[in-house]
Amino acid sequence: MIGLFDSGLGGLSVARAVRAVLPRHDLIYLADSAYCPYGPLATAQVRERALFCARWLVAHGAAVIVVACNTASSAALDVLRTTLEVPVVGMEPGIKPAVAATRTGKVAVLATSGTLQGDRFGRLVEQFAHGVTVRTVACPAMVDLVEAGLLRGDDAEAVVRGYVAPLLADGVDTFVLGCTHFPPLAPVIATVAPEATLIDTGPAVAAQTARVVAKLDLAPGSGRVQAFTTGDPALIRPALWRIWGETIDVAQALQGTIT
């Protein structure tokens, strides 16, 4: 199986991209909803939760781990790769494609505070953003929208407009969706910023996952998708179904802690 985890439901956007390129491989998804969102947590706590989630997925049969969360990738990717005995695929905001796409020389990264404050993000900007202004905006209310399954409507548009409109007024023409919660809101962002370019790294992560699977010669399965949460399945089930686009079962995963 291919195991994916996120602080909550945002990583489903990555799981959807993985399923598109590997439709016959089985997926197991863990939403660490009891600790969502990761953005405000200390780096050490995010690392602790990432280790727990990855180990839980391996214990339940995952042969590859996809860290479907920018904040967890920023905080824990190196630790996961040196700790686990299976390959680990991580996320990073798409600064390089955004710099290539911008016409005004101004891009904005919509993310969480945990991602934006991380060393990995700083290195990306330093490496790729030569001559381009990179604005960064932490968008916790957009995370809340997705966790509640509010992907459309006036309330969702008002929240998105509050973040995006000032950036448009400043000349930003390219938006990096630097949190896996944000691709499900792409239609709303496109409504608010119809001329802007949106950068989603989910497909690139899916392509890298496919390369890892091929290198491992990991046999396809039945295309089964399993979902688990460290929170209350009944609370997240409606939003999960709305984001995923079809009904799948959601079961309880014991929270656990890593010492």
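The values are calculated or read from the model by the stated rules, or taken from the named source; none is laboratory data. Keep in mind that what you see is a predicted model, and the values were worked out from it rather than measured. Neighbour counts are summed over all protein chains in view; Cβ atoms, including those assigned to glycine, are modelled from backbone coordinates with ideal geometry. To get the accessible areas, we keep the full protein, side chains included, count just its heavy atoms, and leave off ligands, DNA and RNA. Shrake-Rupley method; radii C 1.70, N 1.55, O 1.52, S 1.80 Å.
Would you check if there is a residue in the stretch 74-95 being open to solvent by 30 Å² or more (accessible area, probe 1.4 Å), touching a residue at least 24 places away in the same chain (Cβ under 8 Å) and in contact with a Pro (Cβ under 7 Å, 6 or more places away or on another chain)? The answer is no, given that none of the residues of the stretch 74-95 is open to solvent by 30 Å² or more (accessible area, probe 1.4 Å), touching a residue at least 24 places away in the same chain (Cβ under 8 Å) and in contact with a Pro (Cβ under 7 Å, 6 or more places away or on another chain).
V58 falls short on exactly one of the conditions (1) touching a residue at least 60 places away in the same chain (Cβ under 8 Å); (2) of a type outside the set (S, T, Y); (3) surrounded by fewer than 20 Cβ atoms within 10 Å (Cβ to Cβ), and that condition is (1). Annotation: of all residues in the stretch 28-45 being part of a loop (DSSP other than H, G, I, E, B) and open to solvent by 50 Å² or more (accessible area, probe 1.4 Å), the one that is nearest to T230 (Cα to Cα) is P37. Only one entry of G171, G153 meets the criterion of being more than 22 Å from A72 (Cβ to Cβ) and either among the β-branched types (V, I, T) or out of contact with any Lys or Arg (no Cβ under 8 Å at 6 or more places or on another chain) (or both), and that entry is G153. Of the residues in the stretch 179-192, none is free of Cβ contacts under 8 Å to residues at least 40 places away in the same chain, farther than 28 Å from S33 by Cβ, in a helix (DSSP H, G or I) and of a type outside the set (S, T, Y). When the stretch 185-207 is filtered for residues that are surrounded by fewer than 18 Cβ atoms within 10 Å (Cβ to Cβ) and either on the phi > 0 side of the Ramachandran plot or not β-branched (V, I, T) (or both), the ones remaining, listed by number, are A186, P187, A190, P194, E195, P203, A204, A207. Residues in the stretch 3-21 that are among the small types (G, A, S) and in contact with a Gly (Cβ under 6 Å, 6 or more places away or on another chain) were compared, and the one that is surrounded by the fewest Cβ atoms within 10 Å (Cβ to Cβ) is A17.
For beta carbons closer than 6 Å, sequence separation of 6+ or different chains, a first residue in the stretch 27-54 that is under 24 Å from A141 (Cβ atoms) and at pLDDT 95 or above and a second that is open to solvent by 50 Å² or more (accessible area, probe 1.4 Å) and part of a helix (DSSP H, G or I), the qualifying pairs are R49/Y35. Only one of the listed residues (G171, G131, G149) is in a loop (DSSP other than H, G, I, E, B), in contact with a strand residue (DSSP E or B) (Cβ under 6 Å, 6 or more places away or on another chain) and surrounded by fewer than 22 Cβ atoms within 10 Å (Cβ to Cβ). That residue is G171.
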